[in-house]
1. Given (1) surrounded by fewer than 13 Cβ atoms within 10 Å (Cβ to Cβ); (2) modelled with pLDDT under 85; (3) within 14 Å of the chain's Cα centre (by Cα); (4) in a helix (DSSP H, G or I), where does Asp23 come up short, assuming only one miss?
2. State whether the residues of the stretch 41-48 include one that is open to solvent by 60 Å² or more (accessible area, probe 1.4 Å), modelled with pLDDT of 85 or more, of a type outside the set (Lys, Arg) and not in a strand (DSSP E or B).
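The values are calculated or read from the model by the stated rules, or taken from the named source; none is laboratory data. Please read these numbers as outputs of a predicted model, since none were measured by experiment. Because the Cβ atoms are built from the backbone with ideal geometry, glycine has one as well, and the counts that use them run over all protein chains shown. Heavy atoms of the whole protein, side chains included, go into the accessibility calculation; ligands, DNA and RNA do not. Shrake-Rupley method; radii C 1.70, N 1.55, O 1.52, S 1.80 Å.
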Amino acid sequence: SLPGLRMSGDHNGVIIRLQAVIDGIRNLNHWKSGKGRKQAWGHNPVPKGAFACVGQQLIHTINPSNDDDDDDDDDAILGFKT
């Protein structure tokens, strides 16, 4: 095992499905027209790249750190077999 690197097995398409969910939200007319909080799916401006945080949180959730790890989890590189 390499310090600061946490690898796991095949993700079985989870990453592809996550991308499909994100793309589906971005392409919804309600999302596109929901700028401002007065409409359905109303929202404040979403920073570019904000959806990456959703993906990163999913990866941390399905591949959590081991309590025995000495590495700072915030700096860990997570990966999957492809």
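1. (2)
2. Yes.
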